[in-house]
Amino acid sequence: MTEAMTEAMTEAMTDATAEGVKDAVDGARGRESGQRGAVEARSTGTTLGPEFSTGSGPWLHTEDGTAWFDGTAGSGAATLGHQHPDVTAAVAAQLNRLTHTGCKLGSDTRRRMIERIGALSPYTEPAVLPTATGAEAVESALKIARAATGHQAVLAFRHGYHGKTAGALALTWRAEFKTYGGPRPDHVVVAELPDPRVEGAADDVARFAAGLSAALDDADRRGGTAAVVVEPVQVTEGVLAVPPAILDEIARQAHSRGALLVLDEIYTGLGRAGRLFTAELMTEVPDLTLLGKTLGNGFPVAAVVGERAVLDALPPSVQTSTFSGHPVACAAAVAVLEIIVRQDVAGRARALGERLRTDLLALAARHPWMRSVRTTGALGAFDCVREGSFDPGLAKAVTGGALRGRLLLFGGGPEGATVKIVPPALLEESDYRWMIEAIAVAVAGAEPAPRTGPRSAAGGAAYGGGRI
């Protein structure tokens, strides 16, 4: 960064807003260039930190070499860290061999990826449907479920996140591509999961089972239940983990209705959440498992995996895309799959999560507004609660303070009062200590002053959680 850009960013950081930092840097860059030029649409434009030029492990660097710690792990994809040498070497080698085939022509690296996913998976006769993005994997799974069951409706869960695509198939002319498409809005039913932030909520399996049964009755009335789709950890909305007993109940009821259980492990699978597959914790294996993010460690690749008899219910050519099974992305995935076994990424993620939880609890003991500390493998979060109410402003103060200290963290959660901590799973000791100390500084800097007047009627939602 030039001196003018550095000054602009420093000034914006006093406001502790990611948008302010970006706008300041973009404005300075535009003034320096003297050009109007094109800008990225605001829907996809970056909102956190400056523009980065290089990366290594948990660190991202600006053009002038300034280092920022990526506590988002590239939206959860860089589980092995940025620029893992084995992954970049595999990609570089593939670039010199074959870069593209299209979806209907095979490649040796595509075959190797499919074989290795199948070998690691919990399935007896596995089949893999490769895709380029996680949302595409979700769409594929829904088509498979409709083809395999003959049903139409889908059951999802409150606070779930499965992607943002919709509408493209509706505009496509060829009718046979639409046979298993959808679902229409009236074919989607949403059920409740126990909130892990509420003490004892997850222990009442019978109550959850009754609510799930009623929701499935509703789905059955809408054309039969084709699939029940659930994330084992709802990461986007604040690292809300679903206990194995609840997952088992979902599987049991889904199968009793003739529906497929689709486990969306795009964020959690292949070690990020402390195990290769959540099926390891379950009594019944999910019919379909969705993989992404970690699979490419930053390269765009995802997949649906399950028993061949289930996946092959979908006829040929019903689900294809130009870049599915892309040779370069598959080469990255093959390297990733080797690394996660060789370096025990799942075990290291578990150890990281246990240590992070211990350190966050110690921090929360000094700052009681930090509530519901939770970790699952290399996924962590806590809520900001003040005087019995969720406080989104306090969460923004933490992430803003982290930004000033060059630590990148995302906020969010159902109430907007959650701070999420999602670093790479492979951290050196010095990197971990830097991160946890930066979090401590950001939390201390956000410490709210005691209120002297009456509470505002515009406060956050009431906090219903139990002990930390």
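The values are calculated or read from the model by the stated rules, or taken from the named source; none is laboratory data. Model, not experiment: these values are computed from the prediction. Because the Cβ atoms are built from the backbone with ideal geometry, glycine has one as well, and the counts that use them run over all protein chains shown. Please note that ligands, DNA and RNA were not included when accessible areas were found on the heavy atoms of the full protein model with its side chains. Shrake-Rupley method; radii C 1.70, N 1.55, O 1.52, S 1.80 Å.
Starting from the exponent 0.38 and prefactor 2.2 Å, build the expected Rg for region 25-164 from its residue count and divide its actual Cα Rg by it.
Ratio of Cα Rg to 2.2 N^0.38 Å: 1.42.
When Lys and Arg each count +1 and Asp and Glu each count -1, what net charge do the other residues less than 12 Å away from Ser213, Cβ to Cβ, add up to?
Overall, the nearby charge balance is -1.
Got a sec? Charge dipole of the chain, +1 on Cβ for Lys and Arg, -1 for Asp and Glu; which of Leu276, Val301, Ala444 is way out at the positive end?
Val301
Treating only the Cβ atoms of Lys and Arg (+1) and Asp and Glu (-1) as charged, compute the dipole magnitude of region 126-252 about its Cα centre; round to the nearest 20 debye. List each step's numbers first, then the result.
Numbers: 12 positive and 16 negative charges, 129 e Å.
For region 126-252, the charge dipole is close to 620 debye.
Answer with one residue from Gly65, His159, Leu427: the one whose Cα lies farthest towards the positive end of the charge dipole of the chain, charges on Cβ with Lys, Arg +1 and Asp, Glu -1.
Of the options given, the answer is His159.
Would you tally the net charge around Pro126, using a Cβ to Cβ cut-off of less than 13 Å, leaving Pro126 out, and scoring K and R as +1, D and E as -1?
Numbers: positive: Arg116, Arg308; negative: Glu115, Glu125, Asp287, Glu307, Asp312.
Neighbour charge sum, excluding Pro126 itself: -3.
Quick one: with all protein chains in place, what share of the accessible area of region 162-294 is carbon or sulfur, to the nearest percent (1.4 Å probe)?
55
Quick one, could you list the DSSP H helices from the chain stretching 24 Å or more along their long axis (Cα atoms) with average Kyte-Doolittle hydropathy of 0.5 or above?
Helices passing the filter in the chain: 429-446.
Which residue, chosen from Gly76, Ala227, Met370, occupies the Cα position most advanced towards the positive end of the dipole of the chain, where the dipole is computed from +1 (Lys, Arg) and -1 (Asp, Glu) charges on Cβ about the Cα centre?
Ala227
Could you size up the charge dipole of the chain around its Cα centre, putting +1 on the beta carbon of Lys and Arg and -1 on that of Asp and Glu, and report it in debye to the nearest 20?
Using only the charged Cβ atoms, the result is roughly 540 debye.
Could you give me the radius of gyration and the Dmax of the chain, taking only the C-alpha atoms into account and expressing both in angstrom?
Reported Rg and Dmax, both Å: 22.8, 69.
Once you sort the root eigenvalues of the Cα gyration tensor of region 206-322 as a ≥ b ≥ c, which label holds: rounded (a/c under 1.5), prolate (a/b larger than b/c) or oblate (the other case)?
Oblate, because a/c is 1.5 or more while a/b does not exceed b/c.
Taking the simple approach of a point 7 Å from Cα along Cα-to-Cβ for both Thr322 and Ser430, what is their distance in nm?
According to this spin-label approximation, the distance is 4.5 nm.
I'd like the distance separating the alpha-carbon centroids of region 395-415 and region 258-294, in whole Å.
Here the answer is 29 Å between Cα centres.
Can you compute the charge dipole magnitude of region 310-414 about its Cα centre, using +1 on each Lys and Arg Cβ and -1 on each Asp and Glu Cβ, nothing else charged? Give it in debye, rounded to the nearest 20. Can you show the working numbers first?
Working: 12 positive and 8 negative charges, 99 e Å.
Using only the charged Cβ atoms, the result is roughly 480 debye.
Considering just Cα atoms, how many Å³ per residue does the convex hull of region 294-422 enclose?
179
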